[in-house]
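The values are calculated or read from the model by the stated rules, or taken from the named source; none is laboratory data. Predicted, not measured: the structure shown is a model, and the values here were computed from it. Cβ placement follows ideal geometry from the backbone for every residue including glycine, while neighbour counts extend to all protein chains displayed.
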Ligand SMILES: Cc1cc2nc3c(=O)[nH]c(=O)nc-3n(C[C@H](O)[C@H](O)[C@H](O)COP(=O)(O)OP(=O)(O)OC[C@H]3O[C@@H](n4cnc5c(N)ncnc54)[C@H](O)[C@@H]3O)c2cc1C
Ligand code: SF4
């Protein structure tokens, strides 16, 4: 039995998820990948992880709905095959690739790699009363013109339809009926410290993959002494993320990163294959951000000044490129979230101490081979490995490594792309109807 690995979000640890109206999509990258059909059957196919009780085809119509609701731009089916069969085209055509992405795709697509357009929840045309992306490259932290979808847009629509939003209300306890089987009220606090109770016939918990289990575990009563829905000690377990690695290098020609949105293309040929029996699947993307600040800092600390500094800034900013990769992570019971034993204030949310092994080995494998694939020209420099946490030196071996970044926690298997669209489509999928008819658990419930 492996020891529990507990996600820590104690004070001092940074997290990137947002507790605000609209949630974390205020500053997401808006990549809207669907799972591949094989992601639902990884145990059957590769002997690892767990199969979903439903297949890709069950979720497909709901992916489509979610994409229409959020507004997703992507390639036509006859243009590019992204591996997930579609019943209809994306709601919007794909955005054009930047000069750098074109070069990247042209070089790698003649080799063993496959570079495709990343589907994104970002307007390529006017859509849903929002303008088309104008390419000003500010997607993370925020799109200033609302060309990129955020949850706040859906909140506004819900309010127009009559929903009442209570802002600045932090729920800290759920109340149940005497059997502990149904939530009957939520308790929340306002910034002035006042305490409130709201009773309801139906309560939907949608507070995020970390906050939701935390809330359930914090809500103990006589009927549910271990927390709501936690009789079998499963709540908070199976936490998954997609640990990231990355390499940064200087291209030997000016490629001008920073034009257009921050992510446009991905390398997808490591998303699936028999190797998943042993290694994590991964997806890579070319980061399209001009690192002016980092370059200037480096050059100044190198002692560069005056006209030489100006010249070198122009040279390096236009050549410094990052490739980031996201790795598949199996849903394992020992990877979990629990409320912090030290928590004293409901508004400063904390989680328990992390015990995860985090090693900082360089993940040099595929990322580096891609950079080498960008040859025949020499790679001038690989100065840093910026955003990885813990990939086994033996390359992507299936060990759990914690990366403090939020993602969905309760999906049965978690392939490597970000999964907001899978979460949204799962939410749209009518679980009760499927449950009755097919006697299956919805995918986000863990047996
Ligand atoms: C930098 C970054 C980039 C990302 N890029 C992508 C991407 O490209 N593609 C992708 O698919 N995903 C991406 N994600 C992930 C994506 O943002 C999340 O999957 C998505 O926002 C999850 O939606 P959610 O509604 O479950 O949670 P959230 O968006 O976090 O919303 C949770 C809501 O619950 C509220 N809440 C929480 N706790 C309480 C409480 N106790 N009481 C009352 N309200 C509460 C919060 O205020 C918030 O409004 C990214 C995330 C980050 C941080
Ligand atoms: S490039 Fe600019 S306009 Fe386009 S989505 Fe990003 S921030 Fe918005």
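A few remarks follow.
- Taking segment 314-338 as the range and being touching a helix residue (DSSP H, G or I) at 6+ places or on another chain (Cβ under 6 Å) and in a helix (DSSP H, G or I) as the test, the residues that pass are 316, 317.
- Just so you know, in segment 144-185 the residues that are touching a helix residue (DSSP H, G or I) at 6+ places or on another chain (Cβ under 9 Å) and within 16 Å of ligand 2 (Cβ to nearest atom) include one that is nearest to residue 261 (Cα to Cα), and it is 148.
- Residue check for residue 228: surrounded by fewer than 17 Cβ atoms within 10 Å (Cβ to Cβ), assigned to a loop (DSSP other than H, G, I, E, B) and within 15 Å of ligand 1 (Cβ to nearest atom): no
- Residues being without any contact (Cβ under 8 Å) to a residue 24 or more places away in the chain, under 20 Å from residue 425 (Cβ atoms) and not in a loop (DSSP other than H, G, I, E, B) - total across segment 59-109: 1
- Residue match in segment 178-195 (condition: at pLDDT 90 or above, buried (at least 18 other Cβ atoms within 10 Å of the Cβ) and assigned to a helix (DSSP H, G or I)): no
- Segment 125-137, residues that are free of Cβ contacts under 8 Å to residues at least 24 places away in the same chain and near ligand 2 (Cβ under 10 Å from one of its atoms): 131, 132, 134, 136
- In segment 41-58, the residues that are touching a helix residue (DSSP H, G or I) at 6+ places or on another chain (Cβ under 7 Å) and without any contact (Cβ under 8 Å) to a residue 40 or more places away in the chain: 55, 56
- Of residues in segment 139-166 being surrounded by fewer than 19 Cβ atoms within 10 Å (Cβ to Cβ) and under 18 Å from the mean Cα position of the chain (by Cα), the one farthest from ligand 1 (Cβ to nearest atom): 142
- Selection count, segment 186-236, where residues are farther than 28 Å from residue 424 by Cα and within 22 Å of the chain's Cα centre (by Cα): 0
- Leading residue by the ranking (modelled with the lowest pLDDT) among those in segment 167-177 that are closer than 18 Å to residue 24 by Cα and surrounded by 12 or more Cβ atoms within 10 Å (Cβ to Cβ): 170
Quick grid of which residues meet (1) at pLDDT below 95; (2) away from ligand 1 (no atom under 16 Å from the Cβ); (3) under 20 Å from the mean Cα position of the chain (by Cα):
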residue: 253; (1), (2), (3): yes, yes, no
residue: 272; (1), (2), (3): yes, yes, yes
residue: 275; (1), (2), (3): yes, yes, no
residue: 287; (1), (2), (3): yes, no, yes
residue: 291; (1), (2), (3): yes, yes, no
residue: 298; (1), (2), (3): yes, yes, no
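- Only one of the listed residues (180, 105, 135) is more than 14 Å from ligand 1 (Cβ to nearest atom) and farther than 30 Å from residue 81 by Cβ. That residue is 180.
- When the residues of segment 201-219 are filtered to those that are farther than 23 Å from residue 420 by Cβ and within 16 Å of ligand 1 (Cβ to nearest atom), the one that is surrounded by the most Cβ atoms within 10 Å (Cβ to Cβ) is 219.
- Within segment 110-132, if we keep just the residues that are more than 15 Å from ligand 1 (Cβ to nearest atom) and outside any loop (DSSP other than H, G, I, E, B), the residue that is surrounded by the fewest Cβ atoms within 10 Å (Cβ to Cβ) turns out to be 130.
- Meets criteria (closer than 30 Å to residue 216 by Cβ, within 16 Å of ligand 2 (Cβ to nearest atom) and either buried (at least 20 other Cβ atoms within 10 Å of the Cβ) or under 22 Å from the mean Cα position of the chain (by Cα) (or both)) for residue 100: no
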